[in-house]
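The values are calculated or read from the model by the stated rules, or taken from the named source; none is laboratory data. This one's a predicted model, so the numbers in the text were calculated from it and none came from an experiment. Heads up, the Cβs are rebuilt from the backbone with ideal geometry, glycines too, and the neighbour counts pull from every protein chain shown. Note: accessible area is taken over every heavy atom of the protein model, side chains too, but ligands, DNA and RNA are not part of it. Shrake-Rupley method; radii C 1.70, N 1.55, O 1.52, S 1.80 Å.
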Amino acid sequence: MRICLGFFVLPCVHCNLESDQVNHFPQNISKKGSAYKDSYRHSDYSKIFKELIEKNLELIKNPHTRRIAAARLGALKAHNAVEPLTKIIATDPDAHSVRAALLALGNIADPSSIPVIQRSLHHPDVEVRKAAIQALAYFEKKDLGQIFAELLLSDHSEIRITTLKALRQSPPEAFRSFQSDKILSRVKKAAGMQQHPGIAVEAVRLLARFSAADVTEELCALLHKHTDLEIRSQAARVLGNISSARSRRCMQRVRSDPNHRLACLATAGLIKLGRDIPLNELAVYLKDPDHRVRHTAVSALGEIGGRPAKQMLQDHIPQEPDLTVRRHTIRLATLLERSLD
């Protein structure tokens, strides 16, 4: 008897899962999703899925389906799936399945899985190593701070970028548990790198998670002195969320910058921080000949929010010549309208 992973995963013709333990399960039921929904409520289905797949994950012969099943178990935070997921990491020859299992273990965040995830940091496949880094960022464990600090010094640029992203996206409780002065100093150093702009951009984004008092001077220096426009733009975005006299002075200086994108970000940041700058000062950037500047201005209005910003976005839609910017404007105007209803 074949078990169907259901309309949440794939049609049952792809499952290739055979087990005597699941012969009570309706065969080929995913061909009629509506019938399935009539038979089982969503919560009941999730429970059935967890119980069946937790016990039989290793019996799924199709690697693609195995990866999807592992991801689904992670999304359901199925703690009983830790053992079969660990077995996949230890024995499965398919690197994609191993990666999916690692990410699932990160979502489940069971402390017993930390050792096997740490061992995967030395896997020969770089994508598996990156998945292990992402998974570790979900755990609340102070000892992991040293591991992340070492990863920030990796010779492999992709590993460093993944580490910075993982730290930026980790849950607040987890980030606080392994945050340290050593990590902060290495993130600051990475933010100032001229030869690796990809690493520097991610480092600047991560600085937003640290105390404003610890990063404001670094961000101001990047905003005024760095040669890469994207890094300066990211610094302006972060400073726009720091309410301090020092950050406001930094952005006030940039308002007259010859680069209109930076000037737009600085103006938007000062408006968000409640300075006495009228919202319609952003209107000049909506008419800029560079579509990137107009896109930046539209995004800024979406972040500022409120009825005046919504009206400016709606008025700009018929005037925007660039299709991508116009779609972006429509999307943000719609989101603001829904939020204000």
Quiz item: Ignoring any ligand, DNA or RNA, what whole percent of the accessible area of the range 223-304 comes from carbon and sulfur when the probe is 1.4 angstrom?
Solution: 47 percent
Exercise. Report the net charge of residues surrounding Leu336, where surrounding means a beta-carbon distance below 11 angstrom and charges are Lys +1, Arg +1, Asp -1, Glu -1.
Key: +1
Practice problem: Sort the following peptides by mean Cβ neighbour count (other Cβ atoms within 10 Å, averaged over residues), highest first: 298-307, 278-287. | Solution: 298-307, 278-287
Exercise. Can you tell me the dipole magnitude for the range 201-334 around its Cα centre, using point charges on the Cβ only (Lys, Arg +1; Asp, Glu -1), in Debye to the nearest 20?
Key: 240 debye
Practice problem: Determine the shape class of the range 240-341: with a ≥ b ≥ c the square roots of the Cα gyration tensor eigenvalues, call it rounded for a/c under 1.5, and otherwise prolate if a/b is greater than b/c, oblate otherwise. | Solution: oblate
Quiz item: Hey, rough spin-label estimate for His224 and Ser154, points 7 angstrom out along Cα→Cβ, what's it come to in nanometres?
Solution: 3.5 nm
Self-check item: Net charge contributed by nearby residues that have their C-beta within less than 11 Å of Gln194 (K/R +1, D/E -1)
Solution: 0
Quiz item: Between rounded, prolate and oblate, where does the range 290-341 land on the alpha carbon gyration tensor, with a ≥ b ≥ c its root eigenvalues, rounded for a/c under 1.5, else prolate if a/b exceeds b/c?
Solution: prolate
Practice problem: Please name whichever of Ile89, Gln134, Leu103 sits farthest to the positive end of the charge dipole of the range 79-148, dipole taken about the Cα centre and charges placed at Cβ: Lys and Arg +1, Asp and Glu -1. | Solution: Gln134
Quiz prompt | Potential lengthening between Asp290 and Ser243 on full extension [0.36 nm per residue; Cα-Cα distance subtracted] | solution = 14.0 nm
Quiz item: Counting other Cβ atoms within 10 Å of each Cβ, which GluC sites (Glu not before Pro) in the range 204-249 have at most 11 and sit in a DSSP loop?
Solution: none
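Over 25 Å between Cα atoms: which of Lys61/Lys87; Lys188/Lys225; Lys165/Lys189; Lys130/Lys225; Lys77/Lys142 fall into that group?
Pairs exceeding 25 Å: Lys130/Lys225.
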Self-check item: Label-point separation, Arg338 to Thr91 (7 Å along Cα→Cβ), nm
Solution: 4.5 nm
Exercise. Sort the range 92-171 into rounded, prolate or oblate with this rule: let a ≥ b ≥ c be the square roots of the eigenvalues of the Cα gyration tensor; rounded if a/c is under 1.5, and if a/c is not under 1.5, prolate when a/b is larger than b/c, oblate otherwise.
Key: oblate
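Pull out the extension gain between Gln118 and Asp181, defined as 0.36 nm times the separation in residues minus the alpha carbon to alpha carbon distance; nm, one decimal. Walk me through the numbers before you get to the answer.
Working: separation 63, 0.36 × 63 = 22.68 nm, distance 2.23 nm.
Result for the pair: 20.4 nm of gain on full extension.
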